[in-house]
Amino acid sequence: MPRGPLMIIGGAEDKLRRRTILREFVAAAGGPEARIAVIPTASSLGPEVVEVYDALFRREGAAEVVTVRPESREEAQDPDLVEALGKATGIFMTGGNQLKLSSMVCGTLVGDAIVAAHRAGIVVAGTSAGASIQSSHMVAFGVGGTTPKQRMTQVAAGLGLLQSVVIDQHFEQRSRYGRLLMIVAQSPQLLGIGVDEDTAAVVEHEVDEATGTDRDVLRVLGRGAVTVMDGSHIVTNAYEAKRSAPLLASGVVLHVLPEGAAFDLTARALVPPRASVDPSEEAELVEAGKDLRQMARDIAAGDASPSTLKRRQAREAKKSKKSTDHASDRSQDGAPS
């Protein structure tokens with residue numbers, strides 16, 4: 001069975017109006033049959049954070065919402081919590097302190113159960129802190145700013161649901177461009193992914209139809225953008241820069257992806273958008289196709305040339321229009337048509 005989808009949400013997802021991202025998550029979890037496990041460990045709030053998501057998910061049609069909240073590594077070894085995750089059709093990790101979440105969960109039975117659920121095809125979503133922990137490497141904490149500087153941020157290990165990437169959230173709203181670029185400069189093998197608020201990077205494992213190879217494809221959902229930084233060919237001085245000095249970062253490939261865009265994380269390349277056809281143009285193409293097929297039949301049946309058939313069609317169209325106009329005039333005069 002293919003791995004389940006990941007929903008990496010940049011925080012502050014819409015909870016009042018359209019709720020596009022949360023609705024998509026519930027649908028991926030099974031809609032009216034969804035059994036959702038909420039993990040609020042990162043949050044400093046009490047039961048109210050679960051109550052909010054419980055109400056939202058049930059409003060979107062979920063059948064059941066349960067809480068899995070380990071507050072220590074010892075609690076994260078609880079078989080009952082593992083069993084609850086094993087029964088879930090969707091797992092949702094709330095925002096808060098991502099370092100707290102990773103230190104409580106990663107490398108425990110609860111953490112292993114999340115990874116196992118993902119590998120079994122279950123959708124795993126997380127917002128803010130719950131987004132960062134999904135990657136193999138995670139931003140632990142750091143300051144904002146647009147210029148990458150040495151020691152701007154710290155990195156910790158995440159759950160590793162998505163390998164060879166590092167994820168940051170609230171990206172545009174909290175000016176986190178510099179700190180993500182600092183990580184990419186220090187570890188060019190990592191793909192940097194920054195997700196704006198009320199935006200989700202939805203990652204699905206699929207098989208490329210053209211080559212038959214496996215790949216992870218990121219698609220963007222929501223009102224913001226997902227920024228991808230590829231440092232594969234970077235030139236940098238990160239290995240020798242002192243203290244908080246600005247970093248040299250040249251040759252980084254930058255991708256800014258709005259809603260509807262898709263990116264191949266395996267090949268590190270944009271997935272070409274599918275061409276869209278205007279409905280009115282599509283109708284015209286259908287009619288033109290019918291005319292061409294009729295012309296071919298007429299040529300075969302009557303041994304007439306295309307130019308002769310075109311003149312004949314023009315005469316018939318003109319005659320039909322004149323008949324229609326005459327009928328309309330009679331109708332307006334009160335005569336039966």
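Candidates E209, E197: the one that is under 22 Å from the mean Cα position of the chain (by Cα), farther than 18 Å from A131 by Cβ and either of a type in the set (G, A, S) or assigned to a loop (DSSP other than H, G, I, E, B) (or both) is E209.
The sole residue among I133, I167, I114, I122 that is farther than 19 Å from P70 by Cα and either small (G, A, S) or touching a helix residue (DSSP H, G or I) at 6+ places or on another chain (Cβ under 8 Å) (or both) is I167.
Hey, can you tell me all the residues within segment 197-217 that are of a type outside the set (V, I, T) and loosely packed, with under 11 Cβ neighbours inside 10 Å? Matches in segment 197-217: E209, A210, G212. Out of the residues in segment 52-79 meeting the condition of being in a loop (DSSP other than H, G, I, E, B) and within 19 Å of Q98 (Cα to Cα), tell me which one is most open to solvent (accessible area, probe 1.4 Å). Residue satisfying both the conditions and the ranking: E74. Checked against (1) under 15 Å from the mean Cα position of the chain (by Cα); (2) within 16 Å of Q134 (Cα to Cα), T227 meets all criteria but (2). Filtering segment 140-164 to residues that are open to solvent by less than 30 Å² (accessible area, probe 1.4 Å) and at pLDDT below 95 leaves only A140. Would you call R174 more than 21 Å from V124 (Cα to Cα), out of contact with any Phe, Trp or Tyr (no Cβ under 8 Å at 6 or more places or on another chain), basic (K, R) and open to solvent by 70 Å² or more (accessible area, probe 1.4 Å)? Yes, satisfied.
Got at least one residue in segment 223-233 being among the charged types (D, E, K, R), part of a loop (DSSP other than H, G, I, E, B) and in contact (Cβ under 8 Å) with a residue 12 or more places away in the chain? Looking through segment 223-233, at least one residue is among the charged types (D, E, K, R), part of a loop (DSSP other than H, G, I, E, B) and in contact (Cβ under 8 Å) with a residue 12 or more places away in the chain.
Can you find a residue in segment 281-291 that is open to solvent by less than 30 Å² (accessible area, probe 1.4 Å) and either out of contact with any helix residue (DSSP H, G or I) (no Cβ under 9 Å at 6 or more places or on another chain) or assigned to a helix (DSSP H, G or I) (or both)?
Yes, segment 281-291 contains at least one residue that is open to solvent by less than 30 Å² (accessible area, probe 1.4 Å) and either out of contact with any helix residue (DSSP H, G or I) (no Cβ under 9 Å at 6 or more places or on another chain) or assigned to a helix (DSSP H, G or I) (or both).
When segment 218-240 is filtered for residues that are at positive phi and open to solvent by 60 Å² or more (accessible area, probe 1.4 Å), nothing remains. Report, by residue number, each residue of segment 18-51 that is touching a Leu at 6+ places or on another chain (Cβ under 9 Å) and in a helix (DSSP H, G or I). Once the filter is applied, which keeps residues that are touching a Leu at 6+ places or on another chain (Cβ under 9 Å) and in a helix (DSSP H, G or I), segment 18-51 yields T20, I21, L22, E24, V26. Within segment 128-139, the residues that satisfy the criterion of being assigned to a strand (DSSP E or B) and either small (G, A, S) or open to solvent by less than 20 Å² (accessible area, probe 1.4 Å) (or both) are S135, S136, M138, V139. Checking the stated criteria, L190 turns out to be within 16 Å of R268 (Cα to Cα) and either without any contact (Cβ under 8 Å) to a residue 12 or more places away in the chain or surrounded by fewer than 23 Cβ atoms within 10 Å (Cβ to Cβ) (or both).
The values are calculated or read from the model by the stated rules, or taken from the named source; none is laboratory data. Note that the structure is predicted; figures quoted are calculated from it, not measured. In this analysis, Cβ positions are derived from the backbone assuming ideal geometry, glycine residues included, and neighbour counts consider all displayed protein chains. To get the accessible areas, we keep the full protein, side chains included, count just its heavy atoms, and leave off ligands, DNA and RNA. Shrake-Rupley method; radii C 1.70, N 1.55, O 1.52, S 1.80 Å.
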